[in-house]
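The values are calculated or read from the model by the stated rules, or taken from the named source; none is laboratory data. Fair warning: this is a prediction, and the values are worked out from it, not measured in the lab. In this analysis, Cβ positions are derived from the backbone assuming ideal geometry, glycine residues included, and neighbour counts consider all displayed protein chains. For the accessible areas, the whole protein counts, side chains as well, though only heavy atoms, and no ligand, DNA or RNA atoms are used. Shrake-Rupley method; radii C 1.70, N 1.55, O 1.52, S 1.80 Å.
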Amino acid sequence: MALARGLICVSVLAESNAAVLAAVAPVAGLADVVEIRLDGLREPLTPACVAALGKPVLATNRPIWEGGRFAGSESERIGCLETALRNGAHQVDIELRTAPEFRDRLLATARACGAQVLVSSHDFAATPAADLLSAILGQMVASGADIGKIVTTAATPADALRVLALQQEAEAVAFPLCAFAMGKAGAISRLATLYLGGHMTYAAPSPEQATAPGQITIHNLHRLLALLDCPQ
């Protein structure tokens, strides 16, 4: 019997709707969710693209200050996410560090569109202490988010374990949480999270299309899943 596991999201950073579709087409059957990085797009995400993907779409517009490419104003950034919602995106990602007035604005738009909001936090330098991680989780729950995402950078196995342990705290308050670590030491957490209560992990369409350090390709992730799900 296969083990219960979280969702797999393939993350796509492309310049056009056509390029998004081309990147997803070879791996669509392997993904549960498609994340479209609006900070890579040079045009709005279209309803036709969302419909053609045939999967729940998570729209993300990552700013430079949190490791992304979007360099415009916050009002413009949130506006792009609102357009994605109105064009059919099922979920949007908004950073915990976003000013409350912009985060609340996006939450209101998502509710009006019948969509979900994922509130995220990324640390590209280190993994905070356990009490700080717990505080971040508490802020996410209090924000009104439907889903949380806490991603750090692991230098040691202990760092990765500390992030994964957050899933037990999230489960205690019935809060869906994506929790794993970037970097070589954190790579195993991208797989382990799926079987330890994590809501979702992220994978790349190919090695050349990875959107974060240590991101596993969706093909390699499924190879590992096949080994774990193999009957004993």
**OP:** For 224, 38, give the ranking by accessible area with the largest first, probe 1.4 Å.
**Re:** 224, 38
**OP:** Apply the Karplus parameterisation 6.51 cos²θ - 1.76 cosθ + 1.60, with θ equal to phi minus 60°, to every residue of region 173-184 and state each ³J(HN,Hα) to the nearest whole Hz, in sequence, with x for glycine and proline.
**Re:** 10, 6, 10, x, 9, 9, 9, 6, 10, 8, x, 4
Subject >> Whole-Hz couplings from phi, Karplus 6.51/-1.76/1.60, listed for region 124-130; x for Gly and Pro >> reply: 8, 10, 7, 10, x, 5, 4
Subject >> Gain in span if fully extended, residue 146 to residue 101, counting 0.36 nm per residue against the direct Cα distance >> reply: 14.4 nm
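From the alpha carbon gyration tensor of region 27-141, can you work out the equivalent ellipsoid semi-axes (sqrt of 5 times each eigenvalue) and give them in Å, largest to smallest? Write out the running numbers ahead of the final one.
Numbers: eigenvalues 115, 53, 43 Å².
Working through the eigenvalues yields semi-axes of 24, 16, 15 Å.
Summarise the long-distance tail of P(r) for region 1-42 by giving the % of C-alpha pairs beyond 14 Å. Could the numbers behind the result be given before it?
Details: 423 of 861 pairs.
More than 14 Å apart: 49 percent of the Cα pairs in region 1-42.
Give the whole-number value, in cubic angstrom per residue, of the convex hull volume spanned by the C-alpha atoms of region 97-192.
Working: hull volume 9.3 nm³, N = 96.
Per residue, the Cα convex hull of region 97-192 comes to 97 Å³.
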Original post:
In debye to the nearest 20, how big a dipole does region 115-174 give about its Cα centre with +1 on each Lys and Arg Cβ and -1 on each Asp and Glu Cβ?
Top reply: 80 debye
**OP:** Among 27, 49, 138, pick out the residue whose Cα is farthest towards the positive end of the charge dipole of the chain, where Lys and Arg carry +1 and Asp and Glu carry -1 on C-beta, about the Cα centre.
**Re:** 27
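What percentage of the solvent-accessible surface of region 106-202, computed with a 1.4 Å probe over protein heavy atoms, is contributed by carbon and sulfur atoms? Before the final figure, lay out the partial values.
Details: 2410 of 3820 Å².
That fraction is 63 percent.
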Subject >> ³J(HN,Hα) computed for each position of region 85-91 - Karplus, 6.51 cos²θ - 1.76 cosθ + 1.60, integer Hz, glycine/proline x >> reply: 5, 5, 9, x, 4, 8, 9
**OP:** Considering the options 226, 91, 167, tell which one lies farthest towards the positive end of the dipole of region 73-232, charges being +1 on Lys and Arg and -1 on Asp and Glu at the Cβ, about the Cα centre.
**Re:** 226
Original post:
trypsin sites (Lys or Arg not before Pro) within region 105-203: which are DSSP loop residues with at most 13 other Cβ atoms inside 10 Å?
Top reply: none
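Using only DSSP helix segments of four residues or longer, with each worth -39500 (n - 2.57), what per-residue ellipticity at 222 nm results for the chain after dividing by its residue count and rounding to 500? Could the numbers behind the result be given before it?
Details: 9 runs with 88 residues, N = 232.
My calculation for the chain gives -11000 deg cm²/dmol from helical runs alone.
What number do you get for region 140-232 when its Cα radius of gyration is normalised by 2.2 N^0.38 Å, N = residues? All intermediate terms of the calculation are to be shown ahead of the outcome.
Numbers: Rg = 13.5 Å, N = 93, 2.2 N^0.38 = 12.3 Å.
Relative to the rule-of-thumb radius for its length, region 140-232 sits at 1.10.
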Subject >> Distant-in-sequence amide H partners of residue 216 (H built 1.01 Å from N, under 5 Å) >> reply: 204
Subject >> Global form of region 75-124, assessed from the alpha-carbon gyration tensor, a/c cut-off 1.5 >> reply: prolate
**OP:** Please calculate how many Å² of accessible area the chain carries per residue, with a 1.4 Å probe and no DNA, RNA or ligand atoms counted.
**Re:** 43 Å²
**OP:** Taking only the C-alpha atoms, wrap a convex hull around the chain and report its volume per residue in Å³ as a whole number.
**Re:** 120 Å³
Subject >> Charge dipole magnitude, Cβ of K and R +1, D and E -1 - the chain, Cα centre, debye nearest 20 >> reply: 300 debye
Original post:
Once amide H atoms are placed 1.01 Å from N in the peptide plane, what residues at a sequence separation of 5 or more from residue 35, or on another chain, have their amide H within under 5 Å of its amide H?
Top reply: 10, 11, 12, 58
